[in-house]
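Presented below is the structure to which this report refers.
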Amino acid sequence: MSVDDKNFKLSVDIDEITLRNPTMLASGILGISQSIFERLYDENIGGIVTKSISVEPMKGYPNPTLIPLSGGSYLNAVGLSNPGVNAFSEELSQNKNIPIFISLVGSSEKDFAKMIKVFDSLNIIGYEINLSCPHVSKMGMEVGDDPEAVSKIVSTVRKNTKKPISVKVGVGSVDVIELARTAIDAGANIITAINTLRAMSIDVETMMPILSNRIGGLSGTAIKPIGIRCVYEISKNLKVPVIGCGGISTWQDVVEYMLAGASAVQIGSVLGSAGPRIFNSITKDLKKYIERKGIMKISEIVGIAHKY
Ligand SMILES: Cc1cc2nc3c(=O)[nH]c(=O)nc-3n(C[C@H](O)[C@H](O)[C@H](O)COP(=O)(O)O)c2cc1C
């Protein structure tokens, strides 16, 4: 992909992929419509990760599925609602030049093989395998917590595509470095860290759990230090590009993730309050930051915190 001059200083390489800047859309946030992807691309987003897609359409959980908490954090249990592989491949069939990762979710290696067969001829840059959604049974983290299943799924995806594969890890019962190592040994090229963290909230008046699923995933500001720690540990211990995610709402948060070792970052919850324009304002501020610091390319800051 060509990187225009305007974006040269911000361009980043992740495995064999070049993005015009390090900002990406996190999975599950505005992630199922090509027209929204185009709107985000007009706002100078670097890349997109779609909503996690399963073989069959999924309805998700009844409301309430999303609760805003104080200070820019959220609790959600949407239940991976998505249109399924066939409808979604139709939606993406018009994509020409937007760098899109398709996020995949499934219960077995067969599910993933079926989806790759449908998606692999589309104009996309790679796949993100969701092994970390903390609130859907037999999918996401329930798979991610089983190293044998992780190995089988990632090696099946590897056999079925030549495109780069990122595995999205979270904080479950398996150590995040070990989970990332298992994924890389099975053929993953990139690690995305982290997903939401298993959490819940109870209404003191009704005395009931607020989410219809009772348990959900915590995202936003509160999880940023955990995301930073995971990116730091994975990138320090394993030779693999890492995409950082969790609690980013400012350009300083992007810089912090990159100093911890992220080659690029994904932004999710803050879009609910800030809207798509945040990508334009963050990338402008990142450019000012590297110019002020006398840095030629933003990728030079990746992992600097490891030196200390
Ligand atoms: C409403 C909602 C839906 C999400 N859906 C998905 C999903 O389908 N697949 C996935 O891998 N992550 C999903 N996530 C997790 C985000 O991609 C991201 O990892 C997490 O929210 C942390 O980033 P943030 O703090 O910037 O939101 C979802 C998060 C939210 C808030």
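Remarks
For every residue, the table says whether it meets (1) within 15 Å of I248 (Cβ to Cβ); (2) open to solvent by 50 Å² or more (accessible area, probe 1.4 Å); (3) not hydroxyl-bearing (S, T, Y).
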| residue | (1), (2), (3) |
| --- | --- |
| A260 | yes, no, yes |
| I267 | yes, no, yes |
| V270 | yes, no, yes |
| S273 | yes, yes, no |
| F279 | yes, no, yes |
| I290 | no, no, yes |
| K293 | no, yes, yes |
| M296 | no, yes, yes |
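- Test result for S81, open to solvent by less than 20 Å² (accessible area, probe 1.4 Å) and either more than 23 Å from G268 (Cβ to Cβ) or touching a strand residue (DSSP E or B) at 6+ places or on another chain (Cβ under 9 Å) (or both): no
- Output for the range 158-179, where each listed residue is more than 15 Å from the ligand (Cβ to nearest atom), within 19 Å of S52 (Cα to Cα) and under 18 Å from the mean Cα position of the chain (by Cα): K163, P164
- Within the range 192-238, restricting attention to residues that are open to solvent by 40 Å² or more (accessible area, probe 1.4 Å), in contact (Cβ under 8 Å) with a residue 12 or more places away in the chain and hydroxyl-bearing (S, T, Y), the residue that is nearest to the ligand (Cβ to nearest atom) is T221.
- Subset of the range 144-167 (residues that are open to solvent by 20 Å² or more (accessible area, probe 1.4 Å), of a type outside the set (G, A, S) and part of a helix (DSSP H, G or I)): P147, E148, K152, T156, R158, K159, N160
- In this structure, F112 does satisfy being more than 28 Å from R229 (Cβ to Cβ), within 16 Å of the ligand (Cβ to nearest atom) and modelled with pLDDT of 95 or more.
- Condition check for S54: of a type in the set (S, T, N, Q), more than 11 Å from the ligand (Cβ to nearest atom) and modelled with pLDDT of 95 or more: no
- Conditions (1) more than 13 Å from the ligand (Cβ to nearest atom); (2) charged (D, E, K, R); (3) modelled with pLDDT of 95 or more; number of the one not met by K96: (3)
- If you filter the range 105-132 down to residues that are in contact with a Lys or Arg (Cβ under 6 Å, 6 or more places away or on another chain) and not in a loop (DSSP other than H, G, I, E, B), you find that the one that is most open to solvent (accessible area, probe 1.4 Å) is E109.
- Any hit, the range 133-143, residues being of a type in the set (A, V, I, L, M, F, W, C), crowded, with 24+ Cβ neighbours inside 10 Å and modelled with pLDDT of 95 or more: no
- Residue that is surrounded by the most Cβ atoms within 10 Å (Cβ to Cβ), among those in the range 168-191 that are without any contact (Cβ under 8 Å) to a residue 40 or more places away in the chain and not charged (D, E, K, R): G170
The values are calculated or read from the model by the stated rules, or taken from the named source; none is laboratory data. Values in this document were obtained by computation on a predicted structure and should not be read as measured data. Every residue, glycine among them, receives a Cβ derived from its backbone with ideal geometry; neighbour counts consider all protein chains shown. SASA here: full protein model, heavy atoms, side chains in, ligands and nucleic acids out. Shrake-Rupley method; radii C 1.70, N 1.55, O 1.52, S 1.80 Å.
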